[in-house]
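The values are calculated or read from the model by the stated rules, or taken from the named source; none is laboratory data. Predicted, not measured: the structure shown is a model, and the values here were computed from it. Because the Cβ atoms are built from the backbone with ideal geometry, glycine has one as well, and the counts that use them run over all protein chains shown.
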């Protein structure tokens, strides 16, 4: 294994040692960012509660308590810890199951966005020339389209052809993930334009490595830091988009719970039962803030200027 000698003491470290030191440095810088640590704990708590929803002692989120149907129930009464919504469904259960929907949509949409954006940006930045030109023009076309109006139109078309919640879920993921990648593609392209001129890239070409191996084996690992940061921040954007679509009636359809449609359904009870709207709104606010703080902390920790 290749080593690097550090004068004057004659000490040497291996490549693995260097990687461990670098990883330790990133973690040390991240720990200094207190809001990011708090955000990470909040996100972990949200994910854990959502994942354990089926084993927690919760009411059925879609079951209607006929005794309170049509009247929002105050928290702590009749076995409903946070009360019920306007049709008698347990609010706590719907918040937790709504977290499953919102977080799952965000996760899969961001994975799709990262995949498309990384591939497009990597190919454009590595090959340059006419490949770069046409891929960036395609990116410009997507960037020129207002995202939310297009999402509303597309989801309205799908909703008109199907009322199945499962299909709506998959369609929302595809639409959001398939339209949100251009900014990441530009970011990856900029990184690859710089990395393709580095000495290790020339060495990989000289050794006869194919383009695909150079892109994914040598260049992409060196561009992964901004991709991770962008992906983290995009989770918050997708949560807001999904909540907006559901609030406007074009996203997850009732009786399936999501934070957005819970807000929409609570509008008629803002005066006599404000907590029915405050609680899902607070969940959205806390989750988005936590993700943004974590993204900011990761950006600072992975910034080469701080190493």
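Yes/no per residue for (1) outside any helix (DSSP H, G or I); (2) more than 19 Å from the chain's Cα centre (by Cα):
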{"residue": "264", "(1), (2)": "no, yes"}
{"residue": "268", "(1), (2)": "no, yes"}
{"residue": "271", "(1), (2)": "yes, yes"}
{"residue": "278", "(1), (2)": "no, yes"}
{"residue": "282", "(1), (2)": "no, no"}
{"residue": "285", "(1), (2)": "no, no"}
{"residue": "292", "(1), (2)": "no, no"}
{"residue": "298", "(1), (2)": "no, no"}
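No other residue among 192, 142, 169 is assigned to a helix (DSSP H, G or I) and closer than 24 Å to residue 284 by Cα apart from 169.
Within the set of pairs 6 or more residues apart or between chains, which connect a residue that is at negative phi and at pLDDT below 85 inside region 189-210 to a residue that is surrounded by fewer than 11 Cβ atoms within 10 Å (Cβ to Cβ) and part of a loop (DSSP other than H, G, I, E, B) with Cβ atoms less than 8 Å apart? Within 8 Å, no pair qualifies.
Output the number of residues of region 44-61 satisfying the condition of being in contact (Cβ under 8 Å) with a residue 60 or more places away in the chain and part of a helix (DSSP H, G or I).
Number of matching residues: 1.
Looking at 161, 155, which one is at pLDDT below 80 and surrounded by fewer than 21 Cβ atoms within 10 Å (Cβ to Cβ)? None of the other options fit; the residue is 161. Here residue 217 clears all of (1) under 28 Å from the mean Cα position of the chain (by Cα); (2) in contact (Cβ under 8 Å) with a residue 40 or more places away in the chain except the condition numbered (2).
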